[in-house]
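One structure is given here, and the rest of the page talks about it.
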Amino acid sequence: MSTQAIAVHLPDGAVREVPAGTTPLDIANSISPRLAAASVAARLIPLAGVAQAAEAGEEPSEAAMYAAEDAAKPRLVDLTTPLTADTRLELVTEKDPEALKVVRHSAAHVMATAVLELFPETKLGHGPATDSGFFYDFYREKPFTPEDLALIEAKMAEVIARDDKFVREHEPREKALADFDRDGDFMKTHFVTKFTVPGDEVSFYRNGKFVDFCRGPHVPSTGRVKAVKLTNLAGAYWLGDEKNPQLQRIHGTAFFSQKEMDAHFARLEEAAKRDHRLLGKQLDLFSIQELAGAGLIFWHPKGAMIRKIMEDWMREECLRRGYSLVYTPHVAKVNLWQTSGHEGFYAANMFTPMELDDANYRMKPMNCPFHILIYKNSPKSYRDLPVRLAELGNVYRYERSGTMHGLLRVRGFTQDDAHIFCMPSQIEDEVEACIDFAKAVLTTFGFKEFKVELSTWDPNDRAHYAGSDENWKLAETSLKTVLDRKGIAYKVIPGEAAFYGPKIDIKLVDVLGRLWQLSTVQFDFNLPARFEMEYVGEDGERHQPVMVHRALFGSVERFFGVLIEHYAGAFPLWLAPVQVGLVPISERHHVYAKKVEAALKAAGLRVEIDDRNEKMNGKIRDFANQKTPYILVFGDKEETAEAVSVRTRGKGDQGSMLLADFIAKAKTLVENQSTEL
Ligand SMILES: [Zn+2]
Ligand SMILES: [Zn+2]
């Protein structure tokens, strides 16, 4: 036993002198047994490598599951790993973003243990944690059945109850390979060969009788996998090659507690109910037509009504905020895309060229070059700036067939696109106006929370960026200054800026807490140079304007998809395609129904009468299924009193009300763009 002392630096600044061989678990226990119980792993951060600590959050690659640790980098280790040198130590508890992955990967071992106990002929592939859980690839001639999954789950409960320790062992690589070879473990042989080199010691983990080639880390024992569920069974070819044996991939997920797992599945169920593709069909909002092609959206009358309201709002706001509206073509000659540079760096995302008699043309993937051509069509002086050109522009981008997803991933969409051309001295005001506008979009359409990211350049990598140092500095400073001044919290992502300029991304948070990337304010120091844009300054000299791209909905299609899911199709009154459903109790009330309809229409409300010869309750149900905000029912009593019986979505029967009063109330909600109903 070594008696050498090592120094362990803790996050609170304390330094512990301990004998070499002490484990993170010993240290956790010496701080408090409760901390030890809450820890799932430990993070070792090299003392010299403070600057590298930021890399601790890097996604573990496949190789990271097997290859030797890089002792120069922060790394996760088992709580039982003996410490051998001075180090910084962080105990990874449930609060740590990486903790769940350790639990989930450990759950994959538990699953493999159960599978081998039940089906010993099975050969093991690999079993990593994923963003939503874990999987393990198995090879077995006979396919697993859903009943097998239930058996495996039950066996996993036994493995967990045994609370076997995860123990790390080492073996010479050559012995490991010989053993795997002998047992026909062709996948393990592959992984060991690929991720280790001759002479290596290979790392294994044992829990009970089960042993797996892995470098960890894992939770201390199987009992620490507290809530686990198998979710799905899928086929996959070994190494993705259809000539190889077919593997069976069992997916599962794990959480720190049953409560968290229940909440997770409740959220999934809620999200499935809100799926915009499902609601789009149920509410007859939009479709995608096989005959026309994938990723191309057909807006049906009700969806189109919501789009009209969104677009009207956007155009009015643009005008109110000093933008000019423009319209530009959907295609342009390849020469234009050469000038803009899209033909080079963006060509793979564009529809292929169309050959016409005079030239080759391409569908536009972006509106920017068109707005630049409008700017350049007449000479500009400093007095004309800023020029703000806005368009709801249709763009087309190539996505591989099979990758499309409803309104969210498409081949044709509409950007609420604008380009601002200004002088450097105007940048800050323009950025501020963009951010105010973006916030107005989010709050008007009913989103309360958002997250902001600022992508900046890497000044050490100067050669990779277009534009002057001075402009980069000015743009980044203005973006920061404005966010700070407005008290908006943001995350800086250094080195993430596009080569042509820094940007702000605004991600909204929907009612289920999901993040959606929509608005962007992006500087561009590249296109003004490529198009030789200029203005005559106050000094009489020619200068290049600064260009800002900004989109707030991002894509009208995508924003609509997010709205559908956020509201689960129950759009607020001002957006609802049909705001009021009219239900005359019997045929003799149809005349009064027409009168009510006329009065509502005159007030600008969108109305639908159900005058079918059906039962009243059936008609009410149909409007309710369409998530109509108000349903007005009337018979003799209401007709005599010039009243209506009001049913409000989510609140039920509100009793009788004078028609005039109802109209006044509904009009106020619409005018205020209320999201209350
Ligand atoms: Zn493992
Ligand atoms: Zn643009």
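The values are calculated or read from the model by the stated rules, or taken from the named source; none is laboratory data. Just so we're clear, the structure is a prediction, and the values are computed from it rather than from any experiment. Here the Cβ positions follow ideal geometry from the backbone for every residue, glycine too, while neighbour counts run over all protein chains shown. When the accessible area is computed, the model is the full protein with side chains, heavy atoms only, and any ligands, DNA or RNA have been set aside. Shrake-Rupley method; radii C 1.70, N 1.55, O 1.52, S 1.80 Å.
Tell me whether segment 480-491 contains one or more residues that are buried (at least 19 other Cβ atoms within 10 Å of the Cβ), outside any loop (DSSP other than H, G, I, E, B), away from ligand 2 (no atom under 16 Å from the Cβ) and not β-branched (Val, Ile, Thr). Even if it seems obvious, please write down each step before you answer.
Within segment 480-491, the subset buried (at least 19 other Cβ atoms within 10 Å of the Cβ) is 482-483.
Right, trim to outside any loop (DSSP other than H, G, I, E, B) and you get 482-483.
Filter once more, keeping what is away from ligand 2 (no atom under 16 Å from the Cβ): 482-483.
Next, from what is left, pick out any that are not β-branched (Val, Ile, Thr): 483.
Yes, segment 480-491 contains a residue that is buried (at least 19 other Cβ atoms within 10 Å of the Cβ), outside any loop (DSSP other than H, G, I, E, B), away from ligand 2 (no atom under 16 Å from the Cβ) and not β-branched (Val, Ile, Thr).
Scanning for something in contact with a Ser or Thr (Cβ under 9 Å, 6 or more places away or on another chain), within 17 Å of Gln626 (Cβ to Cβ) and at pLDDT 95 or above, does segment 286-298 turn up at least one residue? Scanning segment 286-298, I find no residue that is in contact with a Ser or Thr (Cβ under 9 Å, 6 or more places away or on another chain), within 17 Å of Gln626 (Cβ to Cβ) and at pLDDT 95 or above, so the answer is no. Among the residues of segment 213-238, those identified as more than 14 Å from ligand 1 (Cβ to nearest atom) and either in a loop (DSSP other than H, G, I, E, B) or not hydroxyl-bearing (Ser, Thr, Tyr) (or both) are Gly223, Lys226, Ala227, Val228, Lys229, Leu230, Asn232, Leu233, Ala234, Gly235, Ala236, Trp238.
Can you tell me which residue within segment 350-367, out of those that are open to solvent by less than 60 Å² (accessible area, probe 1.4 Å) and outside any loop (DSSP other than H, G, I, E, B), is farthest from ligand 2 (Cβ to nearest atom)? Checking each candidate, the answer is Tyr361. Quick one: in segment 449-479, which of the residues that are part of a loop (DSSP other than H, G, I, E, B) and either at pLDDT 90 or above or in contact with a strand residue (DSSP E or B) (Cβ under 7 Å, 6 or more places away or on another chain) (or both) is farthest from Val546 (Cα to Cα)? Result: Asp458.
Could you please find all residues in segment 440-473 being basic (Lys, Arg) and open to solvent by less than 80 Å² (accessible area, probe 1.4 Å)?
Of the residues in segment 440-473, the ones basic (Lys, Arg) are 448, 451, 462, 473.
Answer for segment 440-473, where residues must be basic (Lys, Arg) and open to solvent by less than 80 Å² (accessible area, probe 1.4 Å): just Arg462.
One line per residue, one yes/no per condition, for (1) over 24 Å from Met366 (Cα atoms); (2) aliphatic (A, V, I, L, M); (3) surrounded by 15 or more Cβ atoms within 10 Å (Cβ to Cβ); (4) within 16 Å of ligand 2 (Cβ to nearest atom):
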position: Pro494; (1), (2), (3), (4): yes, no, no, no
position: Asp510; (1), (2), (3), (4): yes, no, yes, no
position: Phe523; (1), (2), (3), (4): no, no, yes, yes
position: Arg530; (1), (2), (3), (4): no, no, yes, yes
position: Glu534; (1), (2), (3), (4): no, no, yes, no
position: Glu541; (1), (2), (3), (4): yes, no, no, no
position: Glu557; (1), (2), (3), (4): no, no, yes, no
position: Glu565; (1), (2), (3), (4): yes, no, yes, no
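Find all pairs meeting these conditions: Cβ atoms under 8 angstrom apart; at least six residues apart or on different chains; first residue within segment 272-299 and among the acidic types (Asp, Glu); second residue part of a helix (DSSP H, G or I). Qualifying pairs under 8 Å: Asp275/Glu565; Asp284/Pro301; Asp284/Lys302; Asp284/Gly303.
Quick one: count up the residues across segment 368-381 that are open to solvent by less than 60 Å² (accessible area, probe 1.4 Å) and in contact (Cβ under 8 Å) with a residue 40 or more places away in the chain.
Initially, segment 368-381 is screened for residues open to solvent by less than 60 Å² (accessible area, probe 1.4 Å), giving 368-372, 375, 378, 380-381.
Now narrow it down to the ones that are in contact (Cβ under 8 Å) with a residue 40 or more places away in the chain: 368-372, 375, 380-381.
Matching residues across segment 368-381 total 8.
Whether any residue in segment 246-253 is surrounded by fewer than 17 Cβ atoms within 10 Å (Cβ to Cβ) and small (Gly, Ala, Ser) is what I want to check. No; the residues of segment 246-253 include none that is surrounded by fewer than 17 Cβ atoms within 10 Å (Cβ to Cβ) and small (Gly, Ala, Ser).
Applying the selection to segment 634-649, what residues are closer than 19 Å to Lys667 by Cα and either more than 37 Å from the chain's Cα centre (by Cα) or among the small types (Gly, Ala, Ser) (or both)?
Quick first cut of segment 634-649, residues closer than 19 Å to Lys667 by Cα only: 642-649.
Scanning segment 634-649 gives Glu642, Ala643, Val644, Ser645, Val646.
Restricting to segment 398-421, give me the number of residues that are closer than 19 Å to Ser519 by Cβ and crowded, with 18+ Cβ neighbours inside 10 Å.
Here is the first cut: in segment 398-421, the residues closer than 19 Å to Ser519 by Cβ are 407-410, 413-420.
Now restrict to residues that are crowded, with 18+ Cβ neighbours inside 10 Å: 407, 410, 413-420.
Residues flagged as closer than 19 Å to Ser519 by Cβ and crowded, with 18+ Cβ neighbours inside 10 Å within segment 398-421 amount to 10.
Output yes when any residue across segment 538-547 is under 25 Å from Ile372 (Cβ atoms) and under 28 Å from the mean Cα position of the chain (by Cα), and no when none is. Let's see the steps before the verdict.
Start the filter on segment 538-547 by keeping residues that are under 25 Å from Ile372 (Cβ atoms), which leaves 538-547.
Now narrow it down to the ones that are under 28 Å from the mean Cα position of the chain (by Cα): 547.
Within segment 538-547 (the criterion being under 25 Å from Ile372 (Cβ atoms) and under 28 Å from the mean Cα position of the chain (by Cα)), the answer is yes, since at least one residue qualifies.
Can you tell me how many residues within segment 415-425 are more than 14 Å from ligand 2 (Cβ to nearest atom) and touching a strand residue (DSSP E or B) at 6+ places or on another chain (Cβ under 8 Å)?
So the first thing to find is which residues in segment 415-425 are more than 14 Å from ligand 2 (Cβ to nearest atom), and the list is 422-425.
Next cut, touching a strand residue (DSSP E or B) at 6+ places or on another chain (Cβ under 8 Å) only: 422-424.
Matching residues across segment 415-425 total 3.
Counting the residues of segment 575-619 that are in contact with a strand residue (DSSP E or B) (Cβ under 7 Å, 6 or more places away or on another chain), open to solvent by 20 Å² or more (accessible area, probe 1.4 Å) and hydrophobic (A, V, I, L, M, F, W, C) gives 5. Residues in segment 124-152 that are open to solvent by 10 Å² or more (accessible area, probe 1.4 Å) and either of a type in the set (Ser, Thr, Tyr) or under 26 Å from the mean Cα position of the chain (by Cα) (or both): Pro128, Ala129, Thr130, Asp131, Ser132, Phe135, Tyr139, Thr145. Residues in segment 92-123 that are within 11 Å of ligand 1 (Cβ to nearest atom) and within 20 Å of Ala236 (Cα to Cα) were compared, and the one that is surrounded by the fewest Cβ atoms within 10 Å (Cβ to Cβ) is His105.
Gly184 - would you say it is touching a residue at least 24 places away in the same chain (Cβ under 8 Å) and closer than 18 Å to Glu117 by Cα? Before you say what the answer is, go through the steps one by one.
Values: touching a residue at least 24 places away in the same chain (Cβ under 8 Å): yes; closer than 18 Å to Glu117 by Cα: yes.
Judged against the criteria, Gly184 is a match.
Across segment 321-342, the qualifying residues are those that are open to solvent by 50 Å² or more (accessible area, probe 1.4 Å) and within 15 Å of Arg397 (Cβ to Cβ), and the one among them that is nearest to ligand 2 (Cβ to nearest atom) is His330.
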